[in-house]
Amino acid sequence: MIGPSPIGSNSTTSRAALPLALGGLSAGLLASACCILPLALALAGISGAWIARLTALAPYQPYFLTVAVVSIGLGLWRHRGSEAACLPGSLCASPVYRRSIRWILLAASLLAASAAAVDVYGQLNL
């Protein structure tokens, strides 16, 4: 193959944002599992006795929030850093890929922020 390869030295940089974004999204889902997820499932019409068991994850919520914040922060850092290092025609140069990473990071941020807000609001004793 003549010319620069689309999978070059920056392939780890271009693909590192996706696992971090998905890790932040999954940690955000786990952090919201005790409080927000049962409410969302009930609003969607999904119910059952198993939903009450999701409250068993409440003691682990700070750990899940920490993992979510670190993953989201590193994902944003990798996403912004890979923008300048992208080779034309590579995966990280694709607008669809970059947009999907941004949406995943936004969803993870909203989930983590809402889980933290529910936790803080619950401790206010209003």
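Derivation of every value follows stated rules applied to the coordinates shown; laboratory data play no part. Only a predicted model underlies this, so the values are computations on that prediction, with no experimental measurement involved. For neighbour counting, all protein chains shown are included, and Cβ atoms are generated from backbone atoms with ideal geometry for every residue, glycine included.
Odds and ends about this structure:
- Those residues of the range 23-47 whose amide nitrogen sits under 20 Å from the label point placed on residue 55, 7 Å along Cα→Cβ: 30-47
- The phi torsions of the range 88-100, fed into the Karplus equation with coefficients 6.51, -1.76 and 1.60 and a -60° offset, translate into couplings of x, x, 7, 4, 6, 7, 6, x, 5, 5, 5, 5, 5 Hz, rounded to whole numbers, with Gly and Pro shown as x.
- Karplus-derived 3J(HN,Hα), 6.51/-1.76/1.60, for each residue of the range 64-76, Hz, glycine and proline x: 5, 5, 5, 5, 5, 5, 5, 5, 5, x, 5, x, 5
- At full extension, residue 46 and residue 22 could sit 6.2 nm farther apart than now, given 0.36 nm per residue minus the alpha carbon distance.
- Stretching the chain fully between residue 63 and residue 85 yields a gain of 4.6 nm (0.36 nm per residue, less the alpha carbon separation).
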